[in-house]
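Okay, structure first, notes after.
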Amino acid sequence: MLTPHTIDCPYCGEPIGILIDASIPHQQYIEDCQVCCRPITLTIEVDDDGMIGVRASAENDA
């Protein structure tokens, strides 16, 4: 099940939409910003209640 989520790009600050697979409890991957095209490291945690936590960081901050 894909869940839409909005994050702010750590480089340009623009809000961008991402889709999260909530069936995977621990994820980390890189997705390029849709505005400035720089790589964002996404760290995603889904708890037992289905609450999604997302951390978006710049390439050198991860």
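Tell me the volume per residue, in Å³, of the convex hull enclosing the alpha carbons of the chain.
On the way: hull volume 4.4 nm³, N = 62.
So the per-residue Cα hull volume is 70 Å³.
With each label point set 7 Å from Cα along the Cα-Cβ vector, what nm distance links Tyr11 and Asp47?
Each label point lies 7 Å from its Cα, and together they span 3.2 nm.
Could you grab the relative contact order for segment 2-58? Cα pairs under 8 Å, six or more apart, rounded to a whole percent.
Values: 107 pairs, mean separation 17.1, N = 57.
Relative contact order, segment 2-58: 30 percent.
Towards the positive end of the charge dipole of the chain, with charges on Cβ (+1 Lys, Arg; -1 Asp, Glu), say which of Val46, Ala56, Pro10 has the farthest Cα.
Positive-most Cα among the choices belongs to Pro10.
Once you have the Cα-Cα distance between Val54 and Ser23, take 0.36 nm times their residue separation minus that, and quote the gain in nm to one decimal.
Values: separation 31, 0.36 × 31 = 11.16 nm, distance 1.44 nm.
In short, 9.7 nm is gained.
Every number in this text was worked out from the coordinates using simple rules, so none of it is lab data. A quick note: this is a predicted structure, and the numbers were derived from the prediction, not measured. Note that we place each Cβ from the backbone using ideal geometry, even for glycine, and neighbour counts take in every protein chain shown.
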